[in-house]
Amino acid sequence: MTALITAYFEVGKNKDITNLSKYFAPSQYFTKFDESPPYTRQDSDDAFVYEQARFANISDYEYKIDDLRIDVVGFMAIATFYLNYKGVFVNDYSFEGSTVGGRSRVTMVVGKFGDQWKIVHHHVSRFEDLKKSA
């Protein structure tokens, strides 16, 4: 399970974005809520498009998974953790870059499909920027 989660975020570092969908459960079972627009529930096709765009446009991507907890219940598992990330978002149209980063709470519900674990639900919610609230 840890390997699946790590491999998913490694996509952002190694830019193997065409393989993102291999981490998702079949489309009829997959949903995602994200901290980035659109703030609607995404199906696997939508999530694939938005994740591809996000990972394709970030360079020098680094991440750290903190306090990973995995609870396996039969053929399902629930992983919760904190994700720290940073990188440079590059606007391909203007060739400008801006530093991005943050800390988010992440929940992944993972199901067993045959002999493989796949993400069934992925929920990300960002911690409020502490600088803004000070």
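The values are calculated or read from the model by the stated rules, or taken from the named source; none is laboratory data. This one's a predicted model, so the numbers in the text were calculated from it and none came from an experiment. Counting neighbours? That spans all protein chains shown, and the Cβs are built from the backbone with ideal geometry, glycine included.
Regarding the range 104-116, can at least one residue be identified that is of a type in the set (Gly, Ala, Ser), surrounded by fewer than 15 Cβ atoms within 10 Å (Cβ to Cβ) and touching a residue at least 24 places away in the same chain (Cβ under 8 Å)?
Initial filter on the range 104-116 (of a type in the set (Gly, Ala, Ser)): 104, 111, 114.
From the residues that got through so far, the ones that are surrounded by fewer than 15 Cβ atoms within 10 Å (Cβ to Cβ) too are 114.
When the remaining residues are screened for being touching a residue at least 24 places away in the same chain (Cβ under 8 Å), the result is none.
The answer is no, given that none of the residues of the range 104-116 is of a type in the set (Gly, Ala, Ser), surrounded by fewer than 15 Cβ atoms within 10 Å (Cβ to Cβ) and touching a residue at least 24 places away in the same chain (Cβ under 8 Å).
Can you go through 83, 68, 4 and tell me which one is touching a residue at least 60 places away in the same chain (Cβ under 8 Å) and over 18 Å from residue 117 (Cβ atoms)? Don't jump to the end; show me each part of the working.
Values: 68 fails: over 18 Å from residue 117 (Cβ atoms); 4 fails: over 18 Å from residue 117 (Cβ atoms).
Within the list 83, 68, 4, the selection yields 83.
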Some residue of the range 22-33 being surrounded by 13 or more Cβ atoms within 10 Å (Cβ to Cβ), touching a strand residue (DSSP E or B) at 6+ places or on another chain (Cβ under 6 Å) and over 16 Å from residue 121 (Cβ atoms): no
Subset of the range 78-118 (residues that are touching a Gly at 6+ places or on another chain (Cβ under 8 Å) and hydrophobic (A, V, I, L, M, F, W, C)): 88, 89, 90, 100, 117
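Could you pull out every one of the strands (runs of 3 or more DSSP E) wholly within the range 15-134 that has 1 or more residues that are over 20 Å from residue 4 (Cβ atoms), out of contact with any Phe, Trp or Tyr (no Cβ under 7 Å at 6 or more places or on another chain) and β-branched (Val, Ile, Thr)? Working first, answer last.
Values: elements: 31-33, 58-73, 76-91, 96-113, 116-126.
Hits in the range 15-134: 76-91, 96-113.
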Within the range 76-117, tally of residues that are of a type in the set (S, T, N, Q) and more than 16 Å from the chain's Cα centre (by Cα): 5
Test for residue 23: is it on the phi < 0 side of the Ramachandran plot, touching a helix residue (DSSP H, G or I) at 6+ places or on another chain (Cβ under 9 Å) and hydroxyl-bearing (Ser, Thr, Tyr): yes
Flag if residue 79 is crowded, with 18+ Cβ neighbours inside 10 Å, modelled with pLDDT under 95 and at negative phi: no
Residue check, residue 126 of a type outside the set (Phe, Trp, Tyr) and surrounded by 13 or more Cβ atoms within 10 Å (Cβ to Cβ): yes
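Just to be sure I understand, how many residues within the range 42-63 are of a type in the set (D, E, K, R) and in contact (Cβ under 8 Å) with a residue 60 or more places away in the chain?
Matching residues across the range 42-63 total 0.
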